[in-house]
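The values are calculated or read from the model by the stated rules, or taken from the named source; none is laboratory data. Owing to the predicted nature of the structure, the values given are computational and were not obtained by experimental measurement. Don't worry about glycine lacking a Cβ; one is built from the backbone with ideal geometry, like all the others, and counts go over all protein chains shown.
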Amino acid sequence: MAKASDIKNGNILRFNGELVQVEEFIHRTPGNLRAFYSARMRNVKTGKLVEYRFRTDEEVSIARVETGDYQYLYEDGNDLVVMNNETYEQYNVPKSLFGNGIKFLKEGMNVIVAFESDEPIMGSTPNSAELEVTYTEPAVKGDTSSGAMKKATVETGAEINVPLFINQGDKIKVDTATGAYVERVKA
């Protein structure tokens, strides 16, 4: 067990039986009262925000979390099968840990997964992905109004908005967090 004074921003704690990540941790000393730590923490599984005041000598349980790079191999029901790049061990990680970026994930891409005692607790996709456009309507000649967009389907099956000059077969860079078109990739 650690003391509240050992907590740092980014730590993952076991708090009331749940895993929470510390987002903000501030030491406060109000006038004539005892000092305390004010913490804003986010539940790892549900995403709910929790605020709590720790006494300076209060005992806390800091979780041992191992984070590493893994290669995405394939989809298996509600899980993704990933492989450790160093030991070649394979793990099943729930899709829900990756959020919306999962629709831009293709086999062979590297992802980051955090484990707490052999249980996956967090997953993140790369910030951007280079994907090939598998279907889009051809641009209408003369339709060159600035900022005009059209729908396009990429190789993972996701549909995004792209500028009119993008054609079927082009490779584009997509922001996995927002699903927005970034740029056309030069071959």
Assess whether Thr46 counts as being touching a residue at least 40 places away in the same chain (Cβ under 8 Å) and either of a type in the set (S, T, N, Q) or outside the structural domain of Ile172 (by TED's automatic domain parsing) (or both). no
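Which of the following residues is loosely packed, with under 12 Cβ neighbours inside 10 Å and in contact with a helix residue (DSSP H, G or I) (Cβ under 8 Å, 6 or more places away or on another chain): Gly157, Gly147, Gly169, Gly179?
Details: Gly147 fails: in contact with a helix residue (DSSP H, G or I) (Cβ under 8 Å, 6 or more places away or on another chain); Gly169 fails: in contact with a helix residue (DSSP H, G or I) (Cβ under 8 Å, 6 or more places away or on another chain); Gly179 fails: loosely packed, with under 12 Cβ neighbours inside 10 Å.
One residue alone meets the criteria, Gly157.
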Per the filter on region 81-135, residues β-branched (Val, Ile, Thr) and either over 16 Å from Asp69 (Cβ atoms) or touching a strand residue (DSSP E or B) at 6+ places or on another chain (Cβ under 7 Å) (or both) are Val81, Val82, Val93, Ile102, Val111, Ile112, Val113, Ile121, Thr125, Val133, Thr134
Per the filter on region 37-85, residues of a type in the set (Lys, Arg) and part of a loop (DSSP other than H, G, I, E, B) are Lys45, Lys48, Arg64
